[in-house]
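Q: Before we start, here is the structure in question, set down as structure tokens.
The values are calculated or read from the model by the stated rules, or taken from the named source; none is laboratory data. Bear in mind the structure is a predicted one, so any value in this text is a computation, not a measurement. Using ideal geometry, Cβ is built from the backbone for each residue, glycine included, and neighbour counts are taken over all protein chains shown.
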Amino acid sequence: MHDDHSTDTAPDASSAELAGDAASGDPARGLAAVRALRTLADRLEDVQVANARANGWSWQAIAEVLQISRQAVHQKHAQREARASGPEGDTDV
């Protein structure tokens, strides 16, 4: 059972360590690495979407690069942008 296995993959492990762990024959180690990589990818997306918006990119342009719908990228990231920009909210929907 999976409860018997430790998941040693640290959240701050290097990319090389995570890649090696993701290829591990140990499912607990491999799945922990997948979880950590997913978290890293989500954080990178947050940073780069904010960067794109700060540089004037539309939700549509961001969505095209990420190969998802404009609605999906807006739904995922607009609240964070609205909190950062204040009460006036988002007008580029």
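Q: Give the residue that is farthest from the chain's Cα centre (by Cα), with candidates limited to residues of the range 21-33 that are part of a helix (DSSP H, G or I) and either loosely packed, with under 15 Cβ neighbours inside 10 Å or among the acidic types (Asp, Glu) (or both).
A: Going through the range 21-33, the residues part of a helix (DSSP H, G or I) turn out to be 21-22, 27-33.
Right, trim to either loosely packed, with under 15 Cβ neighbours inside 10 Å or among the acidic types (Asp, Glu) (or both) and you get 21, 27.
Values: Asp21: 19, Pro27: 22 Å.
Selected residue: Pro27.
Q: Consider the range 11-20. How many of its residues are at pLDDT 55 or above and not in a helix (DSSP H, G or I)?
A: Total meeting the criteria: 3.
Q: Here's something else I'd like to know. Which one of these does Thr7 not meet: (1) loosely packed, with under 12 Cβ neighbours inside 10 Å; (2) of a type in the set (S, T, N, Q); (3) at pLDDT below 95?
A: Of (1) loosely packed, with under 12 Cβ neighbours inside 10 Å; (2) of a type in the set (S, T, N, Q); (3) at pLDDT below 95, only one is false for Thr7: (1).
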